[in-house]
Amino acid sequence: MLKKVSTAFTLFSLLYFSALQVAVADDNEALNAVYNQFSQAFNDLDANRMKSIYSEDACYIPENQGEEITIGRDKIVALYETFFGKIKHKNAKIEVDFRVIERNIIGRSATDVGYYLIRFHPPLDNGEPSSEFAGKFVGVSKKKQDGKWYLTVDTNNRAEASFYFNAKPSPNLYYGRQFPSISQNSLPKHNDKPEH
């Protein structure tokens, strides 16, 4: 009898941990997809895409000491609309990518830590070179009742681009594209920085 109970417990444990590994793998995949959505929104200069990234009660904590914390998805989307509008007005393009170096998932909450890199491409006809800047970020996401992950806390600050380039990939974490290195002849003005 004890052997049967032991065998049943072992089988249950194997099934439970297998299901748990599948759930974590699915969560990692869903969380990683958020970074692709960010990149696509920047490529298309489409602030509406941010509505599927942020939760209704999300808050954005800017690095600038003269700016308040922005609370609410609609207000955060409005920040992106303003920023993307400036890029469109200049007939420029912008790219962003991320490298997640640490992720902590506890239940329905996940915290990502990593680096981002932003490339600004002025119009070809103005003769200015492309430029880039980078930063560190922390993002907290929650898995809502619909089973999707939404960003609830978003904060970042500036960092050397070399930190992004030197970040090592971690298993199951978003690592982004391989941006080729460019010389930093000119950087975007501080007030042209996106509110990510």
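In order along the stretch 102-110, the phi-based Karplus estimate (6.51 cos²θ - 1.76 cosθ + 1.60, θ = phi - 60°) of 3J(HN,Hα) comes to 8, 9, 10, 9, 10, x, 9, 10, 9 Hz; Gly and Pro are listed as x. What a 1.4 Å probe finds exposed on the stretch 37-184 is 50% carbon and sulfur by accessible area, rounded to a whole percent. Remark: the stretch 50-136 carries 51 Å² of accessible area per residue (probe radius 1.4 Å; ligands, DNA and RNA excluded).
Distances between placed amide hydrogens fall under 5 Å for L173 paired with no residue 5 or more residues away or on another chain.
Projecting the Cα atoms of L31, L45, F133 onto the charge dipole of the stretch 16-164 (Cβ charges, centred on the Cα centre) puts L31 farthest toward the positive pole. Placing +1 on each Lys and Arg Cβ and -1 on each Asp and Glu Cβ, with no other charges, gives the stretch 23-123 a dipole about its Cα centre of roughly 400 debye.
For the stretch 26-71, the alpha carbon convex hull comes to 100 Å³ per residue, rounded to a whole number. Evaluated over the stretch 53-185, the count of Lys pairs having alpha-carbon atoms less than 30 Å apart is 21 (only pairs 8 or more residues apart or interchain). Here's how it looks for E132: its modeled amide H is under 5 Å from those of F120, which are all 5 or more places away or on a different chain. Panel values: the stretch 47-196, Kirkwood radius from alpha carbon pairs, Stokes-Einstein at 10 °C and 1.306 mPa s, translational diffusion coefficient 97 µm²/s.
With both labels modelled 7 Å from their Cα along Cα-to-Cβ, the I106 to T82 distance reads 3.4 nm. Label separation (N48 vs N157): 3.7 nm, computed from points 7 Å beyond Cα along the C-beta direction.
Other residues within the sphere of radius under 12 Å centred on the Cβ of K93, judged by their own Cβ, net out at +1 (K and R +1, D and E -1). Using θ = phi - 60° in the Karplus curve 6.51 cos²θ - 1.76 cosθ + 1.60, the 3J(HN,Hα) couplings for the stretch 163-168 round to 5, 5, 5, 8, 5, 8 Hz; x is entered for Gly and Pro.
The values are calculated or read from the model by the stated rules, or taken from the named source; none is laboratory data. This is a predicted model, so every value here is computed, not measured. Cβ: placed from backbone, ideal geometry, glycine included. Neighbour counts: every protein chain shown. To get the accessible areas, we keep the full protein, side chains included, count just its heavy atoms, and leave off ligands, DNA and RNA. Shrake-Rupley method; radii C 1.70, N 1.55, O 1.52, S 1.80 Å.
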